[in-house]
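S.K.: Just dropping this structure here.
The values are calculated or read from the model by the stated rules, or taken from the named source; none is laboratory data. Note that this is a predicted model, so its numbers are computed, not measured. Note that we place each Cβ from the backbone using ideal geometry, even for glycine, and neighbour counts take in every protein chain shown. The accessibility values were calculated without ligands, DNA or RNA, using every heavy atom of the protein model including side chains. Shrake-Rupley method; radii C 1.70, N 1.55, O 1.52, S 1.80 Å.
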Amino acid sequence: MRQLIRNIAIFDGTGSAPVAGAVVVEGDSIAAVLHDEAAIAAVEADSVIDGQGGTLMPGMVDSHTHLTWGSSVEKIYHQFILPPEELKVAAWRNARVLLDHGFTSLYSAGALGDRIEPELARAIDAGKTPGPRLVPSTLERSPEGDEGVETGDVFNGRGPDAMRAFVAYCAAEGVKSLKLVISGEDALKPGSSQDILYTDAEMQAAGEAAKEAGLWIATHAYTPRAITLALEAGARILYHCSFADDAAIDAMAAKKDDIFYAPGPGVSVAALEASPPHIDMSAMKASAAERLELEKILVPKLKARGVRVLPGGDYGFPFNPNGRNARDLEHFVTYYGFTPAEALSAATMLGGQLMGQQVGQVKPGYLADLLLIDGDPTQDVRILQDSNNIKMIMLGGWMHKSPRPSL
């Protein structure tokens, strides 16, 4: 099937200003990007969509997704841990909610339940449930006990052999990216962000095993030492890194062609805004305020050194529900000094590079993951926070949300 989308301004994902034109989609891919009126008029198509002057852009990518952090804009859970069946229902719902809000690709940052995300990724691929392209993960791995002491739990055992067993388990289950929690988390245990939870040997073993299995590694890392361990293990994406010093910045910059970085401002801003009754969020608020101040300095430094900085902000908490993920683009502008076009490029072209797929650009040969926006997000990224402004959502040439065709 050939589809023509015309009367549009095209934001191609690179950060360049939108340009008037038309896009031809054949099957699941972009066949042509046209700017000549005569060439556009000559296109023979099975379906013609009049963009009515809107902006056509690539679908967005969330680089730090938690589908099993159950809360969404459609349903808030005030408890964090859900029964297994409800957890699965929430994950399935959240995948559809994120697609509804213009996110056509997701890179998982870990789950609260085992096997849920690989199963969901297979269901999405098979067309059994609506959702974005998904790089699935499994339970976030934090070691417990003493090194070398067997716990009987593949998610918590200590020592290099336990790490290799974990990687083998993930590969067998269909996981594509492991999530290793290298640093503690101040929001949950004040002061623990300075803790290092893995040994050098454990991280080395995880890195070697993941490479052999063809899996990626995502890391929760705050401090210079945690960042070093992540880089030495060959991590694909590093989250947070708020306490990075100049040496850590140098190390990340040296690996800029191999890594991605997602600071995750969404959860910090939402924590500072939240005022839930009967819940003491003082530790979380203090941690969020500290991180934001540090990242205001850190992120521009890393961006200037060529490190690929991506949006994705721990959405899924009741005070920061899934579906509000596009807020991260505004945070990139407000806190990190990105232009709207740079923030959009981070959410599209750079996100596509993280996914390792031909997504994130409006370019011939790329998958037709496309959004039609009422307005110009390169002037104001906030319009993407209202899903009513997203008039069309296309995933691989298939219309998840269709505007009225003119022919």
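S.K.: Consider segment 52-80. How many of its residues are open to solvent by 10 Å² or more (accessible area, probe 1.4 Å) and either closer than 20 Å to Asn388 by Cβ or not aliphatic (A, V, I, L, M) (or both)?
M.R.: Residues flagged as open to solvent by 10 Å² or more (accessible area, probe 1.4 Å) and either closer than 20 Å to Asn388 by Cβ or not aliphatic (A, V, I, L, M) (or both) within segment 52-80 amount to 10.
S.K.: Another question about this same structure. Taking the options Asp125, Asp153, name whichever one is open to solvent by 10 Å² or more (accessible area, probe 1.4 Å) and at pLDDT 95 or above.
M.R.: None of the other options fit; the residue is Asp125.
S.K.: Follow-up question, since we're still on this one. For Leu310, state whether it is within 25 Å of Gln353 (Cβ to Cβ), open to solvent by less than 60 Å² (accessible area, probe 1.4 Å) and either touching a residue at least 24 places away in the same chain (Cβ under 8 Å) or among the small types (Gly, Ala, Ser) (or both). Break it down into steps so the answer makes sense when it comes.
M.R.: Numbers: within 25 Å of Gln353 (Cβ to Cβ): yes; open to solvent by less than 60 Å² (accessible area, probe 1.4 Å): yes; either touching a residue at least 24 places away in the same chain (Cβ under 8 Å) or among the small types (Gly, Ala, Ser) (or both): yes.
Considered against the rule, which asks whether it is within 25 Å of Gln353 (Cβ to Cβ), open to solvent by less than 60 Å² (accessible area, probe 1.4 Å) and either touching a residue at least 24 places away in the same chain (Cβ under 8 Å) or among the small types (Gly, Ala, Ser) (or both), Leu310 comes out as yes.
Residue-wise test of (1) at pLDDT below 90; (2) over 21 Å from the mean Cα position of the chain (by Cα); (3) open to solvent by 20 Å² or more (accessible area, probe 1.4 Å); (4) hydrophobic (A, V, I, L, M, F, W, C).
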{"site": "Asn94", "(1), (2), (3), (4)": "no, no, no, no"}
{"site": "His101", "(1), (2), (3), (4)": "no, no, yes, no"}
{"site": "Pro136", "(1), (2), (3), (4)": "no, no, no, no"}
{"site": "Glu144", "(1), (2), (3), (4)": "yes, yes, yes, no"}
{"site": "Ile196", "(1), (2), (3), (4)": "no, yes, yes, yes"}
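S.K.: Another question about this same structure. So how many residues does segment 178-194 have that are within 25 Å of Asp114 (Cβ to Cβ) and of a type outside the set (Val, Ile, Thr)?
M.R.: Count: 10.
S.K.: Any chance segment 171-190 includes a residue that's open to solvent by 60 Å² or more (accessible area, probe 1.4 Å) and closer than 26 Å to Glu208 by Cα?
M.R.: Yes, segment 171-190 contains a residue that is open to solvent by 60 Å² or more (accessible area, probe 1.4 Å) and closer than 26 Å to Glu208 by Cα.
S.K.: Got at least one residue in segment 85-105 being in contact (Cβ under 8 Å) with a residue 40 or more places away in the chain, under 22 Å from Ala218 (Cα atoms), not in a helix (DSSP H, G or I) and not hydrophobic (A, V, I, L, M, F, W, C)?
M.R.: Yes, segment 85-105 contains a residue that is in contact (Cβ under 8 Å) with a residue 40 or more places away in the chain, under 22 Å from Ala218 (Cα atoms), not in a helix (DSSP H, G or I) and not hydrophobic (A, V, I, L, M, F, W, C).
S.K.: For segment 241-298, which positions are free of Cβ contacts under 8 Å to residues at least 40 places away in the same chain, closer than 18 Å to Ala230 by Cβ and within 22 Å of the chain's Cα centre (by Cα)?
M.R.: Within segment 241-298, Lys255, Asp257, Asp258 meet the criteria.
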